[in-house]
Amino acid sequence: MLSGLRSRWTGTTGATGPAGPTGPQGFSGPPGGPGATGATGATGATGATGATGATGATGAAGLNYVRTIVVSPVPGDTVASGNALWNAINGITGASATNPYLVKIEPGTYEITGIGTHGAVFMKDYVDIEGSGQNVTTIHGAPTNGGDIVLSASYAELRDLTVINEGTGDVISAIGVYAASTAFAISNVTAITNSQGGLFEEALSGVAVVKDSTFIAKGLANEADGIYCNEDKTLYLLRSVAQGKSYALRTSSGDAYIVDSQLIGGVDFAGPGVCVGAYDGSFAALNTSCQ
């Protein structure tokens, strides 16, 4: 009677059957995050030099002065600088009204003591000398037997520099004007004498048309005049300063016209002297007779 009924009891698990075939590939998962940067590799060998490029176009032409001579200082050697200046001026030939020259001097001090025949700069007719500014370009001399540092010429101008004479001798001046000079002009110049003795010293000796300049005689000579005129010509002093231990301005002949200028040290006129808009060292107005 029991053989016809199903047993309610589970038998033991049988052995694992063989693996079934591999199923289809699943969908790809999302990309993973970036990995860490790897170490820098070694520098590769330098490549071969490339071929030379084509030559560029020719640049614009540089300055080509025809009648301008530029004088440069010799660094650290004021005497060599003075020689360069002296040689540049004396090397000019053929200057004329239709062929004027300019000597342009760079900043620096140019010592001319003992240079040339008389240790002085001799200007030439129709040749202007131009510095790079007062107290920027300086021509200096200290002669032992008197004399001038710069000497004038006709139809020429001295401008934009300083001239100093610190020499000895009976008569010294910073700028000397030849009696024969015609139409000599001075502008934007400082001229100083600081003699070590002697009879006379003048920052400017002679006659010229002077503008925007300063003349100072402050040395140990018996008579020290800012400007001394001993020619039968006319001095024009415009917007300038004349200062002397003895006189600011002294004349032994000729005329003097002073306009908008300062006279420090008084005047001594042998001939006519006229002041217009002039004043003394205390900035007090001077009358038309410069008093």
Legend entry - Of 23, 226, 76, the one that fluctuates the most in a GNM where the chain has Cα springs shorter than 10 Å: 23
Inset, instruction - Scan around residue 276 for amide H atoms under 5 Å from its own, H built in the peptide plane at 1.01 Å from N, and keep only partners 5 or more places away or cross-chain. - result: 258, 259, 260
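Which of rounded, prolate, oblate describes segment 47-91, given a ≥ b ≥ c as roots of the alpha-carbon gyration tensor eigenvalues and a/c under 1.5 marking rounded, otherwise prolate only if a/b is larger than b/c?
Working: a/c = 6.77, a/b = 2.23, b/c = 3.03.
Since a/c reaches 1.5 but b/c is at least a/b, the shape of segment 47-91 is classed as oblate.
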Legend entry - More than 35 Å apart - percent of Cα-Cα pairs taken over the chain: 42 percent
Legend entry - Crossing angle, helix 78-90 versus the chain [Cα axis fit, 0-90 degrees, rounded to tens]: 70 degrees
Legend entry - Fluctuation leader among 52, 144, 16 - the chain, Gaussian network, Cα springs under 10 angstrom: 16
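Using only DSSP helix segments of four residues or longer, with each worth -39500 (n - 2.57), what per-residue ellipticity at 222 nm results for the chain after dividing by its residue count and rounding to 500?
Details: 1 runs with 13 residues, N = 291.
That calculation yields -1500 deg cm²/dmol at 222 nm.
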Inset, instruction - Would you please classify the overall shape of segment 19-87 from the alpha carbon gyration tensor, given that a ≥ b ≥ c denote the square roots of the eigenvalues, rounded means a/c under 1.5, and beyond that prolate means a/b larger than b/c while oblate covers the rest? - result: prolate
Legend entry - Solvent-accessible area per residue, Å², over segment 93-216 with all protein chains present [probe radius 1.4 Å]: 35 Å²
Inset, instruction - Would you please put 67-75, 158-166, 33-41 in order of how densely packed they are, using the mean number of other Cβ atoms within 10 angstrom per residue and starting with the highest? - result: 158-166, 67-75, 33-41
Inset, instruction - Could I have the simple spin-label model distance between residue 259 and residue 87, label points 7 Å from Cα toward Cβ, reported in nm to one decimal? - result: 4.3 nm
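Considering only DSSP beta bridges whose two residues both sit in segment 18-168, what percent are antiparallel, to the nearest 5? Walk me through the numbers on the way to the answer.
Details: 2 of 22 bridges.
Taking every DSSP beta bridge with both residues in segment 18-168, the antiparallel ones total about 10 percent.
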Inset, instruction - Would you grab the residues whose amide H sits under 5 Å from the one on residue 137? Only those 5+ places off in sequence or on another chain, please, with H modelled 1.01 Å from N. - result: 108, 132, 162
Inset, instruction - Taking only the C-alpha atoms, wrap a convex hull around segment 119-208 and report its volume per residue in Å³ as a whole number. - result: 74 Å³
Inset, instruction - Under a 10 Å cutoff between Cα atoms, tell me which one of 267, 177, 66 has the largest fluctuation in the Gaussian network model of the chain. - result: 66
Inset, instruction - Quantify, in whole percent, the carbon and sulfur part of the accessible surface of segment 37-177 (1.4 Å probe; protein heavy atoms only). - result: 52 percent
Legend entry - Solitary cysteines of the chain, where the nearest other Cys Cβ is not under 4.7 Å: 229
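Can you pull out the chymotrypsin sites (Phe, Trp or Tyr not before Pro) in segment 218-250 that DSSP calls coil and that have at most 11 other Cβ atoms within 10 Å? Write down the numbers at each step before the final one.
Working: sites: 228, 236, 247; in loops: none.
Passing sites in segment 218-250 do not exist.
The values are calculated or read from the model by the stated rules, or taken from the named source; none is laboratory data. Just so we're clear, the structure is a prediction, and the values are computed from it rather than from any experiment. Positions of Cβ are generated from backbone atoms using ideal geometry, with glycine treated the same way; all protein chains shown enter the neighbour counts. In case anyone asks, the SASA skips ligands and DNA or RNA and just uses the protein heavy atoms, side chains included. Shrake-Rupley method; radii C 1.70, N 1.55, O 1.52, S 1.80 Å.
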